Amino acid sequence: MTTAITLPEGAPDEVITNALVRDIDLTPFGFTGNLALITLDNGHDHTRPNTFGPQSLVALDSAITEAASRKPAAIAITGKPFIFAAGADLSGLAF
Amino acid sequence: MSDRATNVATSNSVRSVVLVDAVRTPFGKAGSMYAGTRADDLMVRAMRGLLERNPQLSPDAIDDVAIAAATQTGDQGMNIGRSATLLAGIPKTVPGYSVDRWCAGALTATTTVAGAIAMGAIDIAIAGGVEHMGNHPMGELMDPNPRYLAEKLVEQDALAMGATAERLHDRFPNLTKERADRYAFNSQMKTAQAYADGKLQRDLIPTAARSAELGWGIATVDEAPRPTTTMEGLAGLKTPFRPAGRVTAGNSAGLNDGATAALLASEEKALKLGLSIKARLVTFAFAGVEPEVMGYGPVPATIKALARAGLDISDIGAFEVNEAFAVQVLAFLDHFGIADDDPRVNPYGGAIAVGHPLASSGVRLMLNLARTFEAQPQVRYGITTMCIGLGMGGTVIWENPHYTGGEK
């Protein structure tokens, strides 16, 4: 999926929330197959929670596509330490 | 004598102390699978896993928490015993403290709370240990007093554990590199077999481990074991502590990250609450030796503990000996006339395979011994023993609560 969304002039660059996909073997928990675990992480600590702007949504979309393609027993989405996601990235709205 | 004084209850009777349960996190290689995980979070995970396995115990009934770490700064500082208790969500009314006896930290946390239970000051306690050797490399911030060397209080080798192991080889020339390698190989094979049989996984608490690059993961098994180890491979490893030495990365425990936690109680309280009883503490002893041969410590510690217990080495049917170095286990076995491959010794392998996160290892020995007791009701007594840097050994003697009589 390619999406070109341009932020308003003068708006700060989007802090992109990456979506990392990792296989978790469920055998030790008494199940078969893998859990595809998606971690949302913008690379900052908890004082800058995960947010979603255009590129972050693209990243999440492709992560879900990637996770599903692995034919997992389940897909789960989690956040970085202490933070799932705060919602939309509002930093560009003032511009 | 005042009325008040006469009313103070005093009792010199010693109460029976039992191991209710013990667990650990999977052990990682230093700074590898737990590179993005804090030491205190590992400790919290072990404690929570322990409580989740024992739902009959209300956390507010815990009287004290003793947690060991060899390096008590940063994420292992701030009184890790109290800090981990708060972070684990245990009620704030439950106190906690920290213990240090280097590698025997968790063993000492156990014996210390056991002493308090035995004399009746407390009924139930958590004892454990943690070491994140990735975050806290050995010797971090260590500042030995110059008198150590200036006045020759100890020899130069005393502060480098690998060098102390070479010194043990020197002292006992019959402890050859080939024997050490063979012992290490067997440790790897026993651990591989224990994993294949699902024996070790039972006491591992799955632990969330995050990597900034990969996202969250879950550690469910030890990272360090090398089931593909061969004698030829071991023979070819470098001897980093001495040119043409005998101590290698293959016949030593590695550098590791991990945490352990044990629940101890008076036998009376455990029975009252319906808690499991996995081992009964008989007695314990610590002993000192020359720091430059610290690996010999388990020998005098065990002699002392056996004497206190009125037992003979032949009464011991199960041994959990920490494997800091193969040579140190062999020195112990030779002293007591036990074969290198005696099936009573470390049946699930040991630290050479699964790793040795310093202060946490004592409880790992206990949980393995508890499994042996469960599987072998004909065994009455077992010991957990380990060597300790700066020249010490510690030994705890346990009685099998499942003992059914018959042979020892």
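Here are the numbers for this structure:
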| read-out | value |
| --- | --- |
| Any hit, segment B:303-318, residues being under 18 Å from B:GLY350 (Cα atoms) and assigned to a strand (DSSP E or B) | yes |
| Filter result for B:VAL363 (at pLDDT 95 or above, hydrophobic (A, V, I, L, M, F, W, C) and surrounded by fewer than 24 Cβ atoms within 10 Å (Cβ to Cβ)) | no |
| A:ALA36, sole failed condition from (1) among the aliphatic types (A, V, I, L, M); (2) in contact with a helix residue (DSSP H, G or I) (Cβ under 6 Å, 6 or more places away or on another chain); (3) away from chain B (no Cβ under 14 Å) | (3) |
| Qualifying positions in segment B:353-371 - of a type outside the set (Gly, Ala, Ser), farther than 29 Å from B:TYR403 by Cα and assigned to a helix (DSSP H, G or I) | B:LEU358 |
| Residue that is surrounded by the fewest Cβ atoms within 10 Å (Cβ to Cβ) [pool: residues in segment A:39-66 that are closer than 21 Å to A:ILE5 by Cβ and polar (S, T, N, Q)] | A:THR65 |
| In segment B:302-323, the residues that are hydroxyl-bearing (Ser, Thr, Tyr) and more than 18 Å from the chain's Cα centre (by Cα) | B:SER314 |
| Selection status of B:GLU374, surrounded by fewer than 24 Cβ atoms within 10 Å (Cβ to Cβ) and either outside any loop (DSSP other than H, G, I, E, B) or among the small types (Gly, Ala, Ser) (or both) | yes |
| Residue count for segment A:71-88, restricted to those that are at the interface with chain B (Cβ under 10 Å from one of its Cβ atoms) and touching a Pro at 6+ places or on another chain (Cβ under 7 Å) | 0 |
| Cross-chain or 6+ apart pairs with Cβ under 8 Å, segment B:91-110 first and assigned to a strand (DSSP E or B), then of a type in the set (Asp, Glu) | B:TYR97/B:ASP64 |
| Of the criteria (1) without any contact (Cβ under 8 Å) to a residue 40 or more places away in the chain; (2) of a type in the set (A, V, I, L, M); (3) closer than 19 Å to B:THR385 by Cα, which one B:LEU86 fails | (3) |
| Subset of segment B:252-270 (residues that are within 24 Å of B:THR372 (Cα to Cα) and either more than 26 Å from the chain's Cα centre (by Cα) or assigned to a loop (DSSP other than H, G, I, E, B) (or both)) | B:ALA253 |
| Selection count where residues are modelled with pLDDT of 95 or more and within 9 Å of another protein chain (Cβ to nearest Cβ), scope segment A:24-33 | 2 |
| All positions within segment A:39-60 that are at the interface with chain B (Cβ under 10 Å from one of its Cβ atoms) and on the phi < 0 side of the Ramachandran plot | A:THR39, A:LEU40, A:ASP41 |
| Filtered residues of segment B:319-341 (kept if more than 17 Å from B:VAL293 (Cβ to Cβ) and not in a loop (DSSP other than H, G, I, E, B)) | B:PHE319, B:GLU320 |
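Residue-by-condition table, conditions (1) charged (D, E, K, R); (2) over 24 Å from B:GLU399 (Cβ atoms):
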{"position": "B:PHE286", "(1), (2)": "no, no"}
{"position": "B:GLU292", "(1), (2)": "yes, yes"}
{"position": "B:TYR296", "(1), (2)": "no, yes"}
{"position": "B:LEU311", "(1), (2)": "no, no"}
{"position": "B:PHE319", "(1), (2)": "no, no"}
{"position": "B:ASN322", "(1), (2)": "no, no"}
{"position": "B:ALA326", "(1), (2)": "no, yes"}
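The values are calculated or read from the model by the stated rules, or taken from the named source; none is laboratory data. All values derive from a computational prediction rather than experimental measurement. No Cβ is skipped: glycine too gets one built from the backbone with ideal geometry, and neighbour counts run over all protein chains shown.
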